[in-house]
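This report refers to the structure that appears directly beneath it.
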Amino acid sequence: MSKYYLLQDSERCIGCLACEVSCKSNKSLPVGPALCKNMSVGPVEIKSLPRVRFVFMPCFHCEDPWCLDVCPSGAIQKRAGDGIVFIEPNLCIGCKSCITACPWGACQWDPAAAKAVKCDYCKDRLDEGLKPACVTKCLTQCLEFGVADKLPSGRRERFAAQIARDAFNPKG
């Protein structure tokens, strides 16, 4: 895993997709690939009212990334210092092996470049001391990004419990 976390407070998310637009704009991506997706779930009944929930799906920057293991050209790499998994575009040969291997759909196809693309937590922005583009444009500030070691104790457990509760109890 990377040393960072990117969490979403689904109660505050209104599904405006500003995160996706900001990501695509920052990466100059054409129509098609979406490096982060805010997927709608529902409608589900919450407090006797129908409501759509939104689940933010960026790359998880896996501890042992399947996309990295299948890349024949070495284009997918993992930064040693922080664990961010990224694609070096000059090395990508467009074989789409990473797209097939990732169970989360994090690797996407950029038809304009004929190469794979994926979320890299905006590593160029992080190196400049900035947050990922998706986080900075979130209208309701429901996206939270930071260093996992500095995450308040119990926050990950509460987030995991919330996701499990929502998945198995859609009525909220």
When the chain is fully extended, how far beyond the present Cα-Cα distance does V31 get from E144, taking 0.36 nm per residue of separation?
-> 38.1 nm
Among T140, W109, I87, which residue has its Cα positioned farthest towards the positive end of the charge dipole of the stretch 32-159, with +1 placed on the Cβ of Lys and Arg, -1 on the Cβ of Asp and Glu, and the dipole taken about the Cα centre?
-> T140
Considering the dipole of the chain built from charges on the beta carbon (Lys and Arg +1, Asp and Glu -1) around the Cα centre, which of P65, Q8, L29 is farthest to its positive end?
-> Q8
Once the piece of chain linking C95 and V44 is laid out straight, how much longer is it, given 0.36 nm per residue of separation minus the C-alpha distance between them?
-> 14.4 nm
Once the piece of chain linking W109 and R12 is laid out straight, how much longer is it, given 0.36 nm per residue of separation minus the C-alpha distance between them?
-> 31.9 nm
The chain, accessible surface, carbon-and-sulfur percent (1.4 angstrom probe) | 57 percent
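Using DSSP to define loop residues, name the GluC sites (Glu not before Pro) in the stretch 18-85 whose beta-carbon has at most 15 other beta-carbon atoms within 10 Å. Before the final figure, lay out each step's value.
On the way: sites: E20, E45, E63; in loops: E63.
In loop regions of the stretch 18-85 (DSSP not H, G, I, E or B), the sparsely surrounded GluC sites (Glu not before Pro) are E63.
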Approximate spin-label separation L130-V52, in nm, with each point projected 7 Å along Cα-to-Cβ = 3.0 nm
Structure-derived Rg and Dmax of the Cα atoms in Å - corresponding label in (1) 19.6, 58; (2) 16.6, 53; (3) 14.9, 41 | (2)
Label the stretch 1-47 by shape, choosing from rounded, prolate and oblate, from the square roots a ≥ b ≥ c of the eigenvalues of the Cα gyration tensor; if a/c is under 1.5 it is rounded, and otherwise prolate applies when a/b is larger than b/c, oblate when it is not.
-> oblate
Going through the stretch 43-98, which trypsin sites (Lys or Arg not before Pro) have at most 11 other Cβ atoms within 10 Å and a DSSP loop state?
-> K47
Counting only heavy atoms of protein chains, what accessible area per residue, in Å², does the chain have with a probe of 1.4 Å?
-> 56 Å²
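The values are calculated or read from the model by the stated rules, or taken from the named source; none is laboratory data. Keep in mind that what you see is a predicted model, and the values were worked out from it rather than measured. Here the Cβ is made from the backbone with ideal geometry for all residues, glycine too, and neighbour counts use every protein chain on show. Ligands, DNA and RNA are excluded from the accessible area calculation, which covers all protein heavy atoms including side chains. Shrake-Rupley method; radii C 1.70, N 1.55, O 1.52, S 1.80 Å.
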